[in-house]
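I have placed the structure first, in the form of structure tokens, so that the comments after it can refer back to it.
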Amino acid sequence: MEPTTQKIIDDLLAAAEEHDAAQADRLDRWRVLEPDAGRLVWFLVQTLAARNIVEIGTSRGVSTLWLADAARSTGGHVLTLDVDAEAQNAARASVHAAGFDEQVTFRRGDGGAALADLADGSVDLLFLDAERTEYPAWWPHPVRVLRPGGVLVADNALSHPEEIAPLRDLLEQDRAVTTETIAVGKGELVALRR
């Protein structure tokens, strides 16, 4: 990762820590991706040679920066969706400062509706970091949109296991995927489409 991008991420992490410490309601927190989880998705994008990357839950753009940096090396592109216009505007500014305008498209809207509109097998890597309780209502789209060999990553698998459990159950019942939880960040539920 380029030093400029790493500095932007580090600055965002520091600002998020300060901001979130003052917020009693979790919905008011920025909820940015932890560095080790960022490195995991960055590595997965490159391992998969992912070109079509979808992120649901832009927040302040920390995960978007990790994905975009990896996408630049694969010739890929990140579509990032969020319902929070203010957060997405802040993320857009960070992505621009890092020079990733060509690698990222921002779209405001519901993640489930966006997934429903994507073609079968069109996504190399799907990163979910939105309201976890909504994921089951999006079924079967999170798997349907993955290409064979594509990967789904859902954040907060260990920090909020009860909220991730319905998605995990759906994935584990689907014979088209293999799942594993990786203990980085707040826990990443990873599903590989066979």
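Odds and ends about this structure:
- Under 5 Å, built H, 5+ apart or other chain: amide partners of His77: Asn52, Ile53
- Using a probe of 1.4 angstrom and keeping all protein chains present, the accessible surface of segment 80-125 works out to 48 square angstrom per residue.
- Surrounding net charge for Thr4, when Lys and Arg each add one and Asp and Glu each subtract one, Cβ distance under 12 Å: -3
- For Thr178, net neighbour charge (Lys/Arg +1, Asp/Glu -1) across residues whose Cβ lies under 13 Å away: +1
- On segment 1-80, 55 percent of the accessible area sits on carbon and sulfur atoms, based on a 1.4 Å probe.
- Taking only Cα atoms of segment 126-178, radius of gyration then Dmax in Å: 10.4, 29
- Tail beyond 19 Å, pair distance distribution of segment 48-125 (Cα, percent): 30 percent
- Note on segment 1-87: the alpha carbon radius of gyration divided by the globular reference 2.2 N^0.38 Å gives 1.10.
- Basic side chains Lys and Arg get +1 at the Cβ, acidic Asp and Glu get -1 at the Cβ, and with that the dipole of the chain about its Cα centre reaches some 660 debye.
- Calculated log₁₀ intensity ratio I(q)/I(0) where the Debye formula runs over C-alpha points of the chain, q = 0.14, 0.18 Å⁻¹: -0.72, -1.26
- In this structure, the amide hydrogen of Ala130, modeled 1.01 Å from its nitrogen in the peptide plane, lies closer than 5 angstrom to no residue at least 5 positions away or on a different chain.
The values are calculated or read from the model by the stated rules, or taken from the named source; none is laboratory data. In this text the structure is predicted, and so the values were computed from the model without any measurement. Note: ideal-geometry Cβ built from the backbone for every residue, glycine included; neighbour counts use all protein chains shown. For the accessible areas, the whole protein counts, side chains as well, though only heavy atoms, and no ligand, DNA or RNA atoms are used. Shrake-Rupley method; radii C 1.70, N 1.55, O 1.52, S 1.80 Å.
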